[in-house]
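The values are calculated or read from the model by the stated rules, or taken from the named source; none is laboratory data. Only a predicted model underlies this, so the values are computations on that prediction, with no experimental measurement involved. So basically every Cβ, Gly included, is an ideal-geometry build from the backbone, and we count neighbours across all protein chains shown. Ligands, DNA and RNA are excluded from the accessible area calculation, which covers all protein heavy atoms including side chains. Shrake-Rupley method; radii C 1.70, N 1.55, O 1.52, S 1.80 Å.
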Amino acid sequence: MGSATDDMVGLVEVDILIIGAGLSGINAGYRVQKELPHKSFAILEGRSQVGGTWGFWKYPGIRSDSTMRLFGLPWYPWPSNITMADGPVIRKYLEDAATSQGLDKKIRLNHRVANCEWSSLENCWTVSVDVVQNDDRGGEPLVVGHKKFKAHWIINAAGYYSYDKPLPVEIPGIDRFSGRVVHPQFWGDDGEVDFANKRVVIIGSGATAVTLLPAISKTAAKVTLLQRSPSYVFSLDGHDHTLNFWRKLLPERWARTVHWWQCMFMETVFRLLLSNFIFGKPFVQSEMKKKLPPGFDIDTHFNPAYPPFEQRLCFCPDGDFFKALSQPNAEIVTGTINTITPEGIKLNPGAKSSSTGPSEVESLPADLIITATGLYVDILSSLNISLRLIQSDLPPPSKDSPICTPEKIPINPAKLSTLQIWNGVMTESIPNHAKIVGYTAGTWTPGADARTSHIIKLIQHMDKIGAKRVFPYLEEKLPQKPAMPNSSTYLLDARSRLPLSAGVGPWRNGQSWWEDMWFLWITWGWTSIFGLGRRHVRGLKFGFDEEGRKDR
């Protein structure tokens with residue numbers, strides 16, 4: 001893979017620049033290489049290894065929270081029958097997948113993108129990149145060089161949350177705590193975290209907290225998961241043996257294909273049924289009750305006010321979370337924090353513990369506090385994006401037009417929150433730029449792959465009609481809804497930084513693979529049937545060389 005010493009200065013020109021060498025970026029590289037073989041491309045990765053999320057997080061027990069048959073890459077089958085794999089195993093799998101297709105030669109590690117500037121006169125992006133030397137302990141990387149790339153397309157596959165900061169949460173008195181405070185996002189950055197024989201309190205109730213509790217309870221003296229409000233947790237079998245069944249009936253390739261469709265169908269039906277509050281909540285609670293000790297107070301500790309999948313449903317392999325709660329050194333406390341004291345956490349009246357029954361808990365003694373309080377959503381991946389458009393790119397003058405000037409236009413989170421999203425992958429008025437985000441309430445990878453397929457089809461269409469640029473173009477006033485409608489705290493916090501989704505036609509951010517594939521066919525299958533020379537695709541405006549020459 002490209003190193004920090006390659007081409008330290010100068011200009012690198014490619015057709016497509018992919019940002020991020022995690023799962024989505026590697027998948028995008030494969031799709032571009034296979035379906036656009038005439039296009040040159042590079043993959044830039046700001047860190048010193050591939051894997052994205054799976055090379056970044058280091059806390060105990062880090063693993064996938066969806067089945068690997070769907071989470072794995074569709075073109076590089078997951079090689080094991082393990083349902084929910086550990087983070088280091090997933091990272092190695094992604095590295096092997098990239099190497100198997102020669103994508104490792106396209107990846108440039110330690111290349112952190114700083115600025116992206118679009119020019120409609122040149123029909124390309126100019127991307128400024130810092131070549132860095134990364135600190136393996138998580139410190140600020142040292143800039144050792146600079147590069148510039150020019151690309152006709154940017155595919156931003158760098159994820160949807162910040163690596164540099166978590167969701168800011170004010171915890172009163174946290175600075176007074178005499179023990180150690182650790183956020184899972186920076187686990188081990190300031191030295192090894194020793195929790196053996198310690199009293200540990202995990203603040204949070206999401207997937208990270210559900211993963212941490214069984215891992216830490218193996219050696220800690222006491223582990224308490226402190227939650228303000230309950231979540232749903234569902235147990236999955238740790239191993240999937242159905243592929244072996246299909247292998248007995250079908251050739252290997254067919255067996256894997258049939259099994260993938262089976263998993264996708266089952267996940268879809270599972271989500272549809274459980275999203276119904278009347279059916280879903282009692283069903284999940286009944287399944288949890290089977291895994292928990294007799295007499296466990298589910299109504300207090302596992303009784304969310306929302307239906308499953310309105311927020312992400314937490315999964316655990318072979319019920320490890322429930323098994324940990326059955327041990328005497330693990331508990332859940334549902335309540336709110338009054339303040340942190342030097343000795344631990346003082347709770348507000350009404351807090352209850354799963355280990356003490358109906359009596360209230362006043363305080364939690366602790367040696368270590370883990371703040372698993374959420375991600376900070378950064379859909380722009382901390383990139384400084386600006387546009388230099390020509391007159392023909394601009395919408396008609398209107399007070400409702402968020403972009404209506406030919407001057408250099410910065411695209412910051414505030415501006416982004418006024419723009420509509422097109423088919424979950426492009427943003428209104430931003431040319432030749434795709435943002436790949438998978439499903440946040442379902443398995444990530446099918447969504448990321450569907451959105452990548454949209455962009456591949458679009459680029460193929462542009463080549464056929466001779467277009468040099470394209471951007472979503474709004475010609476009517478549409479409803480303004482959140483692009484990510486989930487009610488999780490970290491996504492509610494992010495709504496002022498996320499684009500809008502009208503939920504009408506292509507102005508949508510699909511929440512299921514079937515929906516996205518339907519619109520993929522509607523958009524590009526329809527265009528193929530009625531002529532590949534069409535310059536009109538709903539919601540898109542194409543630009544051609546002659547328009548740029550007129551503006552000169």
The helices (runs of 4 or more DSSP H) lying entirely within the range 459-552 that contain at least 1 residues which are modelled with pLDDT of 90 or more, under 30 Å from Gly374 (Cβ atoms) and of a type outside the set (Val, Ile, Thr) are 489-494, 513-520
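With the requirement that a residue be charged (D, E, K, R) and either crowded, with 22+ Cβ neighbours inside 10 Å or closer than 27 Å to Ser162 by Cβ (or both), what does the range 342-387 give you? Talk me through it step by step, then tell me what you get.
Restricting attention to the range 342-387, the residues satisfying the condition of being charged (D, E, K, R) are 343, 346, 352, 360, 362, 367, 378.
Within the range 342-387, Asp378 is the sole residue that qualifies.
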Condition first: of a type in the set (Phe, Trp, Tyr), touching a helix residue (DSSP H, G or I) at 6+ places or on another chain (Cβ under 7 Å) and over 26 Å from Pro74 (Cβ atoms). Can you find one or more residues in the range 290-301 that meet it? no
In the range 165-214, anything farther than 16 Å from Ile332 by Cβ and not in a loop (DSSP other than H, G, I, E, B) is listed as Lys165, Pro166, Ile174, Asp175, Arg176, Arg180, Val181, Val182, Pro184, Gln185, Phe186
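Considering each residue of the range 390-415, count those that are more than 29 Å from the chain's Cα centre (by Cα) and at pLDDT 85 or above, and give that number.
0
Could you go through the range 445-460 and let me know if any residue there is over 30 Å from Val269 (Cβ atoms), open to solvent by 10 Å² or more (accessible area, probe 1.4 Å) and among the basic types (Lys, Arg). Don't jump to the end; show me each part of the working.
Applying the first criterion (over 30 Å from Val269 (Cβ atoms)) to the range 445-460 yields 458-460.
Retained after the next criterion (residues that are open to solvent by 10 Å² or more (accessible area, probe 1.4 Å)): 460.
Retained after the next criterion (residues that are among the basic types (Lys, Arg)): none.
There is no residue in the range 445-460 that is over 30 Å from Val269 (Cβ atoms), open to solvent by 10 Å² or more (accessible area, probe 1.4 Å) and among the basic types (Lys, Arg).
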Scanning the range 240-271 for residues that are surrounded by fewer than 13 Cβ atoms within 10 Å (Cβ to Cβ) and under 26 Å from the mean Cα position of the chain (by Cα), the one farthest from Pro307 (Cα to Cα) turns out to be Trp261
With criteria (1) among the hydroxyl-bearing types (Ser, Thr, Tyr); (2) touching a residue at least 24 places away in the same chain (Cβ under 8 Å); (3) within 30 Å of Ser217 (Cβ to Cβ), Ser275 comes up short on (3)
Conditions (1) among the polar types (S, T, N, Q); (2) closer than 25 Å to Trp524 by Cβ; (3) within 18 Å of the chain's Cα centre (by Cα) -> Ser488 fails only (2)
Restricting attention to the range 320-341, the residues that are open to solvent by 30 Å² or more (accessible area, probe 1.4 Å) and touching a Leu at 6+ places or on another chain (Cβ under 8 Å) number exactly 4
When every residue in the range 487-527 that is open to solvent by less than 60 Å² (accessible area, probe 1.4 Å) and aromatic (Phe, Trp, Tyr) is compared, the one farthest from Tyr376 (Cα to Cα) is Trp524
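Only one of Pro328, Pro358, Pro304 is in a loop (DSSP other than H, G, I, E, B), of a type outside the set (Lys, Arg) and free of Cβ contacts under 8 Å to residues at least 40 places away in the same chain; which? Steps first, answer last, please.
On the way: Pro358 fails: free of Cβ contacts under 8 Å to residues at least 40 places away in the same chain; Pro304 fails: free of Cβ contacts under 8 Å to residues at least 40 places away in the same chain.
Answer to the check: Pro328.
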